[in-house]
Amino acid sequence: MKETVGVLVMSYGTPESLEQVEAYYTHIRRGSAPSPEQLKELKDRYEAIVGGVFPLRENTDRQVHNLQETLNRENRNPDVEFVCYQGLKHARPFIEDGVGQMAADGIKKAIGIVLAPHYSSMSVAGYIKRAQEKAAELGLKMTFIESYHLHPKLIKALSERVSAKLDLFEEAGADRGSVQVLFSAHSLPERILSIGDPYVDQLMETSKAVAESAGVTRWQFTWQSAGRTSEPWLGPDILDTLHTLSEKQVKDVLVAPVGFVSDHLEVLYDLDIEAQAVARELDMRLMRIESLNSDPLYMETLSDVIIDKWKQFD
Ligand SMILES: CC1=C(CCC(=O)O)c2cc3nc(cc4[nH]c(cc5[nH]c(cc1n2)c(C)c5CCC(=O)O)c(CCC(=O)O)c4C)C(CCC(=O)O)=C3C
Ligand SMILES: [Fe+2]
């Protein structure tokens, strides 16, 4: 008989409707409700992008579905079948719900992976801790993938996207070599620097590998989407970076948000609306690489690391 291996696919989670934004935001804030101003500000951002559909939800659903197909196609072990379960950090089905569903379905062994390539004690570690605790409670054996930020298929998928946009710049009359490429990711509080967190190094490694693979020499790394709290967050922020580049007479900028894998608020609002507005004001041409979403190379990245992990499962 075939052995069923559970795969807990974890992602940030998004509301399902504008009415759910308050509960979602409260969950992100560890149970403390946002002020009316904070809530309005977040709702306004969602309203600016969603048009009735919260894109991250559909994207995550499709990623989980396609990953299961990819896993069972790529898997060479006829005695094993992979079944994917979704577990979200801040929305239903929560990480604990996903683990609970695996246990209810009789799954004994499972692998956990996050739809974010870079490890941080303030992001991926939190997902893993919650899954691990629920799994221990339910007697499920779980092992986790912490990062996959240099997987060759991930680098290929990202560098193809960079090259495709550089082609567009060229078609629009720009000199390919004069385009400044900005690799970006979600900022985190600066205090991660003092605790030996690998997040920054991993992001630099991904950026360097993508730049090399796409033949890009003019590039830098910048942060985006910093939280609105009083403590310092990693910088420079992309909006400041655009101002600095404008002062240096840079006209053409391509942003590659390599810390994200889906179209969602940080991409569709923070880059496509907010950063785009600043670029317009500065008379710069700003383009963004397409998000990975369910790109087959991304699905294969995930399935490769999961199948490898399964081979070491004891
Ligand atoms: C590292 C990281 C990733 C990437 C890795 C990963 O994917 O895990 C990420 C992704 C995402 N973050 C998202 C949304 C939000 N994050 C917030 C707040 C925060 N993010 C943080 C970190 C990260 N976030 C942190 C340290 C905070 C401060 C509060 C806290 O300490 O937790 C807030 C509150 C308001 C605001 O600050 O804007 C919102 C609405 C969405 C969904 C968008 C959608 O629904 O389309 C996604 C994919
Ligand atoms: Fe976030």
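The values are calculated or read from the model by the stated rules, or taken from the named source; none is laboratory data. Note that the structure is predicted; figures quoted are calculated from it, not measured. Neighbour counts are summed over all protein chains in view; Cβ atoms, including those assigned to glycine, are modelled from backbone coordinates with ideal geometry. Please note that ligands, DNA and RNA were not included when accessible areas were found on the heavy atoms of the full protein model with its side chains. Shrake-Rupley method; radii C 1.70, N 1.55, O 1.52, S 1.80 Å.
Here are the numbers for the structure shown:
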| read-out | value |
| --- | --- |
| Pair list, Cβ < 9 Å and 6+ apart or interchain, from segment 166-187 residues that are small (Gly, Ala, Ser) and within 16 Å of ligand 2 (Cβ to nearest atom) to residues that are in a strand (DSSP E or B) and open to solvent by 50 Å² or more (accessible area, probe 1.4 Å) | Ser187/Trp233 |
| Cβ-Cβ under 8 Å pairs, at least 6 apart or on other chains, segment 224-243 side closer than 15 Å to Ile273 by Cα and away from ligand 1 (no atom under 14 Å from the Cβ), far side assigned to a loop (DSSP other than H, G, I, E, B) and open to solvent by less than 70 Å² (accessible area, probe 1.4 Å) | Leu242/Leu282; Leu242/Met284 |
| Residue under evaluation Asp44, criteria (1) without any contact (Cβ under 8 Å) to a residue 60 or more places away in the chain; (2) closer than 25 Å to His151 by Cβ; (3) open to solvent by 20 Å² or more (accessible area, probe 1.4 Å), criterion not met | (2) |
| Segment 264-314, residues that are among the hydrophobic types (A, V, I, L, M, F, W, C) and not in a helix (DSSP H, G or I) | Leu282, Met284, Leu286, Met287, Ile289, Leu292, Phe313 |
| Close pairs from segment 266-282: first over 12 Å from Leu239 (Cα atoms), partner open to solvent by 30 Å² or more (accessible area, probe 1.4 Å) and of a type in the set (Gly, Ala, Ser), Cβ under 9 Å, at least 6 apart | Leu268/Ala48; Tyr269/Ala48 |
| The one condition in (1) within 16 Å of ligand 2 (Cβ to nearest atom); (2) among the aliphatic types (A, V, I, L, M); (3) in contact with a strand residue (DSSP E or B) (Cβ under 9 Å, 6 or more places away or on another chain) that Ile28 fails to fulfil | (3) |
| Ile195, sole failed condition from (1) more than 21 Å from the chain's Cα centre (by Cα); (2) open to solvent by 20 Å² or more (accessible area, probe 1.4 Å); (3) in contact (Cβ under 8 Å) with a residue 40 or more places away in the chain; (4) more than 16 Å from ligand 1 (Cβ to nearest atom) | (4) |
| Out of Gln38, Gln63, sole residue that is of a type outside the set (Gly, Ala, Ser), over 30 Å from Val5 (Cα atoms) and within 16 Å of ligand 1 (Cβ to nearest atom) | Gln38 |
| Residues of segment 262-273 that turn out to be aliphatic (A, V, I, L, M), away from ligand 2 (no atom under 12 Å from the Cβ) and out of contact with any strand residue (DSSP E or B) (no Cβ under 9 Å at 6 or more places or on another chain), as a count | 2 |
| Enumeration of residues in segment 198-223 that are within 16 Å of ligand 1 (Cβ to nearest atom), assigned to a helix (DSSP H, G or I) and not aliphatic (A, V, I, L, M) | Tyr199, Asp201, Gln202, Thr206, Ser207 |
| Filter result (touching a helix residue (DSSP H, G or I) at 6+ places or on another chain (Cβ under 8 Å) and over 25 Å from Arg176 (Cβ atoms)) within segment 240-269 | Val261, Ser262, Asp263, His264, Leu265, Leu268, Tyr269 |
| Tabulated pairs, segment 135-146, first of a type in the set (A, V, I, L, M), second open to solvent by less than 70 Å² (accessible area, probe 1.4 Å) and part of a loop (DSSP other than H, G, I, E, B), C-beta under 8 angstrom, 6+ apart or interchain | Leu140/Ile107 |
| First in segment 1-29 and of a type in the set (Gly, Ala, Ser), second anywhere and open to solvent by 50 Å² or more (accessible area, probe 1.4 Å) and within 14 Å of ligand 1 (Cβ to nearest atom), Cβ under 8 Å, 6 or more apart | Gly13/Arg92 |
| Answer residue from segment 1-25, given it is open to solvent by 30 Å² or more (accessible area, probe 1.4 Å) and farther than 30 Å from Asp105 by Cα and is nearest to ligand 2 (Cβ to nearest atom) among those | Tyr25 |
| Qualifying positions in segment 75-120 - open to solvent by less than 50 Å² (accessible area, probe 1.4 Å) and more than 30 Å from Gly31 (Cα to Cα) | Asn75, Val80, Phe82, Val83, Gly106, Ile107 |
